[in-house]
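Each remark here refers to the structure printed beneath this line.
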Amino acid sequence: MSILSNRINNLSESATIKMAKLGRELAAQGVDVISLSLGETDFYTPEFVKDAAKEAIDKNFSYYTPVAGYADLRKAIAAKLKRENNLDYTFDQIVVSTGAKQSLANALLCLLNPGDEVIIPTPYWVSYSELVKLAEGTSVFINTSIDTDFKITPSELEAAITPQTKLFMFSSPNNPTGTVYTREELAALVAVFEKHPNIYIVSDEIYEHINFIGTHTSIAEFESVKDRVIVINGLSKAYAMTGWRLGFSASSKEIADACDKLQSQVTSATCSITQRAGVAAYSGGLETVQEMRKVFEKRRALVYELLSGIEGLKVNLPAGAFYFFPDVHSYFGKKTPSGEIIGNADDLALYLLHEGHVAVVAGSSFGDPKSIRISYATSEDKLREAITRLKKAFAALS
Ligand code: PMP
Ligand code: GLU
């Protein structure tokens, strides 16, 4: 019998992090692995942000900060939300956390009672369903497919709602599909939420600036639901700061205070130096992320062309984020050169790692067992080489 709690025994390890770990282990054995597994940009943190962190160290920002973050950081975030998203929040509605992942966990732990249902469109980011489990909620999935650009319709949303529905949780731009909901599509979903005033909405907007079809719309821009939206965002993607660990939520004051209380017992706050860097980032404009977006757009075109040349893959052209999510199920049931059968996307991801030396993530952990996720947040040279390897590995299946 395990000494560990049911809570942890029932939890899965993050699939993105697991594949990145497997890739690193293989690389440590001397294998030349190209990792397209982790959603992490290959850009550097902007100089002006690094300078702010260096200055903070020299000025002895070495002590516990307010649990929800320094007031000037929360004010800078409120100003960012106004400037970039046309959203009005006061600084005390912002809670800064150790990454957007913690902000998501805070929201779920503060809002869910056992058995409360959370509607999640699939494919979804790997941690959503696991964090719901941790908070003792029940995930209710709305399946989408590549044929409808992985979008849900208002009637599918309506059909998934029950008296137990507490939350709707989604990301736009989406990880892993890159799908972006337009303002009109969000308005149609809002019309459903207007009929159900007890449902709250977790809106994960961490890829807001990696959008190739227009400007970002936040569902919190719709006044009729704004008080029920918890906006999640952070520095990881827009400022290439995954390791610094800064995310935030913007919500009603009641929910913000609950998140503050939770953090007071769990982390006390995120790192003081990171927070000072965050003030610079959120006050510093969008030049660097706009440059990044242009580079991602070029890479997207390249990867789309290369992946479209692999037989048996069904490829979407993502509108945002930095992932492709091709349907690979035509390869299920085929044999590897060493005689193993590829039963599912997990087998395929392991085969592509061990035989092709390219790390990708199986779609099963994103709620879509027919696909794999390919991150293109790496250089064009590496992408060309990686996709050449993938093509060869796919061709070797019979
Ligand atoms: N949401 C989505 C959709 C993500 O892809 C990620 C991964 N970065 C996160 C949240 C968590 O980001 P963070 O690094 O800020 O914890
Ligand atoms: N969000 C990234 C991804 O999807 C980083 C890894 C993680 O936090 O799970 O790959």
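Does the stretch 252-267 contain at least one residue that is within 16 Å of ligand 2 (Cβ to nearest atom) and at pLDDT 95 or above?
Applying the first criterion (within 16 Å of ligand 2 (Cβ to nearest atom)) to the stretch 252-267 yields none.
No.
Select, from Thr242, Thr215, the only residue that is within 16 Å of ligand 2 (Cβ to nearest atom) and either crowded, with 24+ Cβ neighbours inside 10 Å or assigned to a loop (DSSP other than H, G, I, E, B) (or both).
Details: Thr215 fails: within 16 Å of ligand 2 (Cβ to nearest atom).
Of Thr242, Thr215, the one residue that is within 16 Å of ligand 2 (Cβ to nearest atom) and either crowded, with 24+ Cβ neighbours inside 10 Å or assigned to a loop (DSSP other than H, G, I, E, B) (or both) is Thr242.
Matching residues to (1) assigned to a strand (DSSP E or B); (2) within 15 Å of ligand 2 (Cβ to nearest atom); (3) under 24 Å from Asn316 (Cα atoms):
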residue: Tyr124; (1), (2), (3): no, yes, yes
residue: Val132; (1), (2), (3): no, no, no
residue: Glu136; (1), (2), (3): no, no, no
residue: Val140; (1), (2), (3): yes, no, no
residue: Glu156; (1), (2), (3): no, no, yes
residue: Leu167; (1), (2), (3): yes, no, no
residue: Pro173; (1), (2), (3): no, yes, yes
residue: Gly178; (1), (2), (3): no, yes, yes
residue: Glu184; (1), (2), (3): no, no, yes
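Where the second residue is among the aliphatic types (A, V, I, L, M) and not in a helix (DSSP H, G or I) and the first is in contact (Cβ under 8 Å) with a residue 24 or more places away in the chain and more than 9 Å from ligand 2 (Cβ to nearest atom) and lies in the stretch 15-28, which pairs have Cβ atoms under 6 Å and are six or more apart or on separate chains?
Qualifying pairs under 6 Å: Gly23/Val33; Gly23/Ala359; Leu26/Val33.
What residue, among those in the stretch 259-279 that are more than 23 Å from the chain's Cα centre (by Cα) and in a helix (DSSP H, G or I), is surrounded by the fewest Cβ atoms within 10 Å (Cβ to Cβ)?
Initially, the stretch 259-279 is screened for residues more than 23 Å from the chain's Cα centre (by Cα), giving 261, 264-265, 268, 272-273, 276.
Adding the requirement that they be in a helix (DSSP H, G or I) leaves 261, 264-265, 272-273, 276.
Details: Lys261: 14, Ser264: 13, Gln265: 8, Ser272: 19, Ile273: 17, Arg276: 23.
Here the residue is Gln265.
Just one of Glu305, Glu254, Glu208, Glu291 is among the acidic types (Asp, Glu) and within 19 Å of the chain's Cα centre (by Cα); which is it?
On the way: Glu305 fails: within 19 Å of the chain's Cα centre (by Cα); Glu254 fails: within 19 Å of the chain's Cα centre (by Cα); Glu291 fails: within 19 Å of the chain's Cα centre (by Cα).
When all the criteria are applied, what remains is Glu208.
Within the stretch 1-30, which residues are surrounded by 15 or more Cβ atoms within 10 Å (Cβ to Cβ) and among the small types (Gly, Ala, Ser)?
Result: Ser14, Ala15, Ala20, Gly23, Ala27.
Any chance the stretch 380-396 includes a residue that's surrounded by 21 or more Cβ atoms within 10 Å (Cβ to Cβ) and assigned to a loop (DSSP other than H, G, I, E, B)?
Within the stretch 380-396, not a single residue is surrounded by 21 or more Cβ atoms within 10 Å (Cβ to Cβ) and assigned to a loop (DSSP other than H, G, I, E, B).
Conditions first: (1) within 30 Å of Arg299 (Cβ to Cβ); (2) out of contact with any helix residue (DSSP H, G or I) (no Cβ under 6 Å at 6 or more places or on another chain); (3) in contact (Cβ under 8 Å) with a residue 12 or more places away in the chain. Asp147 passes all but one, so which condition is the exception?
(3)
Report every pair of residues separated by at least 6 positions or lying on different chains whose Cβ atoms are under 8 Å apart, first residue within the stretch 380-398 and touching a residue at least 40 places away in the same chain (Cβ under 8 Å), second among the basic types (Lys, Arg) and surrounded by fewer than 13 Cβ atoms within 10 Å (Cβ to Cβ).
Here the result reads Glu380/Lys298; Leu397/Lys335; Ser398/Lys335, each pair linking the stretch 380-398 to a residue that is among the basic types (Lys, Arg) and surrounded by fewer than 13 Cβ atoms within 10 Å (Cβ to Cβ).
Does Arg83 fit the bill of being of a type in the set (D, E, K, R), more than 16 Å from ligand 2 (Cβ to nearest atom), crowded, with 21+ Cβ neighbours inside 10 Å and over 20 Å from the mean Cα position of the chain (by Cα)? Walk me through it before giving the result.
Numbers: of a type in the set (D, E, K, R): yes; more than 16 Å from ligand 2 (Cβ to nearest atom): yes; crowded, with 21+ Cβ neighbours inside 10 Å: no; over 20 Å from the mean Cα position of the chain (by Cα): yes.
When the stated conditions are applied, Arg83 does not pass them.
Considering Lys59, Lys50, which residue is away from ligand 2 (no atom under 15 Å from the Cβ), free of Cβ contacts under 8 Å to residues at least 40 places away in the same chain and over 22 Å from the mean Cα position of the chain (by Cα)?
Values: Lys50 fails: free of Cβ contacts under 8 Å to residues at least 40 places away in the same chain.
Only one candidate passes the filter, namely Lys59.
What's the number of the condition Val118 fails, among (1) touching a Gly at 6+ places or on another chain (Cβ under 6 Å); (2) in a loop (DSSP other than H, G, I, E, B); (3) under 12 Å from Lys166 (Cβ atoms)?
Unmet for Val118, out of (1) touching a Gly at 6+ places or on another chain (Cβ under 6 Å); (2) in a loop (DSSP other than H, G, I, E, B); (3) under 12 Å from Lys166 (Cβ atoms): (2).
Cβ-Cβ under 9 Å, sequence separation 6+ or interchain: first residue in the stretch 103-125 and under 21 Å from Asn174 (Cβ atoms) and crowded, with 21+ Cβ neighbours inside 10 Å, partner β-branched (Val, Ile, Thr) and modelled with pLDDT under 95. Which pairs?
Cβ pairs passing all conditions: Trp125/Thr16.
Out of the stretch 186-208, which residues are closer than 25 Å to Val126 by Cα, in a loop (DSSP other than H, G, I, E, B) and among the charged types (D, E, K, R)?
Glu205, Glu208
Considering only residues that are of a type in the set (Asp, Glu) and out of contact with any strand residue (DSSP E or B) (no Cβ under 6 Å at 6 or more places or on another chain), look in the stretch 300-335 and name the one that is surrounded by the most Cβ atoms within 10 Å (Cβ to Cβ).
Filtering the stretch 300-335 for residues of a type in the set (Asp, Glu) gives 305, 311, 327.
In the following step, the residues that additionally are out of contact with any strand residue (DSSP E or B) (no Cβ under 6 Å at 6 or more places or on another chain) were identified as 305, 311.
Numbers: Glu305: 11, Glu311: 9.
It comes out as Glu305.
The values are calculated or read from the model by the stated rules, or taken from the named source; none is laboratory data. The structure presented is a predicted model; accordingly, all values stated were derived computationally and were not measured. No Cβ is skipped: glycine too gets one built from the backbone with ideal geometry, and neighbour counts run over all protein chains shown.
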